[in-house]
Amino acid sequence: MSNPDRSVSSFSVSLPVGILFLAVLIVLFQFKKNIPLFHLVLWIGIPVLAFIVVFCVNLITQYSNCGTINIGKAALGALPSVGTILIGLCISSNAICRIPVASVFTPLIGNSIDITRNVNSLKNIKSKECNQKVSIYTAESNEPIIQGISYGFYSMFAAFFGIAIGNGYATIC
C-alpha cells in the first residue's frame, strides 16, 4: 500500500490568509472614521496581526508535515510576512498604485466614475454627466471601502509572498 503525501503546500496555506487580510483591511477602511488612531492600527496592528496569524499557520503546517512543532522555527518563519505586509502597505499608500485597483472596483460599489490622478488634467469633456471624472482622493473620501480594497489587494499578495518565503523555513523537519 502506498504512503500518501501529507505535506501542505505554501499556496494552500497562503490563499486563506491572504483573503483574510483582504477582508480585514476592507472592514478596517470601511470604519476608518470611527477608529481612533487609525494609522497606528494600520501600520502597527496589521503587521502584528500578520505575525500572529502566520505564526499559528506555521505551527499547524509544521504539525501536519512533521508530526511535531518547533516554536522558534514557526516564529522565524512568520517574520518574512511582517516585512512583506509592510512593503504591501507602503506600495498601497501611494495613490498612483491604488488607481488601477480603484478603477476596477469603483463601478461595482455604486458610483460609476472614471478615476484619474487630477481633475485639472481633463481635456475635451463635452458632457460632465456622461463622462464624470474625479480624482482618486475624491472617490476614496466618498467611499472609504475603495481605499480598503486597494490596500487589501496589495496586502493579500504581500501575504502570499511572505508565507511562501517563511513557510519554507518553518516547515523544515
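The values are calculated or read from the model by the stated rules, or taken from the named source; none is laboratory data. Being a predicted model, the structure only gives us computed values, none of them experimental. So basically every Cβ, Gly included, is an ideal-geometry build from the backbone, and we count neighbours across all protein chains shown.
Table: residues versus (1) outside any helix (DSSP H, G or I); (2) at pLDDT below 90; (3) of a type in the set (Asp, Glu); (4) buried (at least 21 other Cβ atoms within 10 Å of the Cβ).
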residue: VAL134; (1), (2), (3), (4): yes, yes, no, no
residue: ALA139; (1), (2), (3), (4): no, yes, no, yes
residue: GLY152; (1), (2), (3), (4): no, no, no, yes
residue: ALA158; (1), (2), (3), (4): no, no, no, yes
residue: PHE161; (1), (2), (3), (4): no, no, no, no
residue: ASN167; (1), (2), (3), (4): no, yes, no, yes
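If SER14 passes every condition in (1) under 21 Å from the mean Cα position of the chain (by Cα); (2) modelled with pLDDT of 90 or more; (3) not β-branched (Val, Ile, Thr) but one, which one does it miss?
For SER14, the exception is condition (2).
Looking at (1) over 30 Å from ILE146 (Cα atoms); (2) at pLDDT 90 or above; (3) crowded, with 19+ Cβ neighbours inside 10 Å, which is the only condition GLY72 fails?
So the condition that GLY72 fails would be (3).
Considering every residue within segment 101-121, establish whether at least one is modelled with pLDDT under 50, touching a strand residue (DSSP E or B) at 6+ places or on another chain (Cβ under 8 Å), over 15 Å from ALA158 (Cα atoms) and in a helix (DSSP H, G or I).
Yes, that holds for at least one residue.
Among the numbered conditions (1) modelled with pLDDT of 90 or more; (2) in contact with a Pro (Cβ under 9 Å, 6 or more places away or on another chain), tell me where LYS33 comes up short.
(1)
Surrounded by fewer than 14 Cβ atoms within 10 Å (Cβ to Cβ), of a type in the set (A, V, I, L, M) and either more than 19 Å from LEU15 (Cβ to Cβ) or within 19 Å of the chain's Cα centre (by Cα) (or both): is that true of LEU86 in this structure? Quick ask: steps written out before the conclusion?
Working: surrounded by fewer than 14 Cβ atoms within 10 Å (Cβ to Cβ): no; of a type in the set (A, V, I, L, M): yes; either more than 19 Å from LEU15 (Cβ to Cβ) or within 19 Å of the chain's Cα centre (by Cα) (or both): yes.
It is false that LEU86 is surrounded by fewer than 14 Cβ atoms within 10 Å (Cβ to Cβ), of a type in the set (A, V, I, L, M) and either more than 19 Å from LEU15 (Cβ to Cβ) or within 19 Å of the chain's Cα centre (by Cα) (or both).
I'd like to check something: does segment 56-63 contain any residue that is modelled with pLDDT under 90, out of contact with any strand residue (DSSP E or B) (no Cβ under 9 Å at 6 or more places or on another chain), surrounded by fewer than 13 Cβ atoms within 10 Å (Cβ to Cβ) and over 20 Å from SER150 (Cβ atoms)?
Checked segment 56-63: no residue is modelled with pLDDT under 90, out of contact with any strand residue (DSSP E or B) (no Cβ under 9 Å at 6 or more places or on another chain), surrounded by fewer than 13 Cβ atoms within 10 Å (Cβ to Cβ) and over 20 Å from SER150 (Cβ atoms).
For the subset of segment 96-107 comprising residues that are more than 28 Å from VAL57 (Cβ to Cβ) and buried (at least 16 other Cβ atoms within 10 Å of the Cβ), which member is nearest to the chain's Cα centre (by Cα)?
Among those residues, the one meeting the criterion is ALA102.
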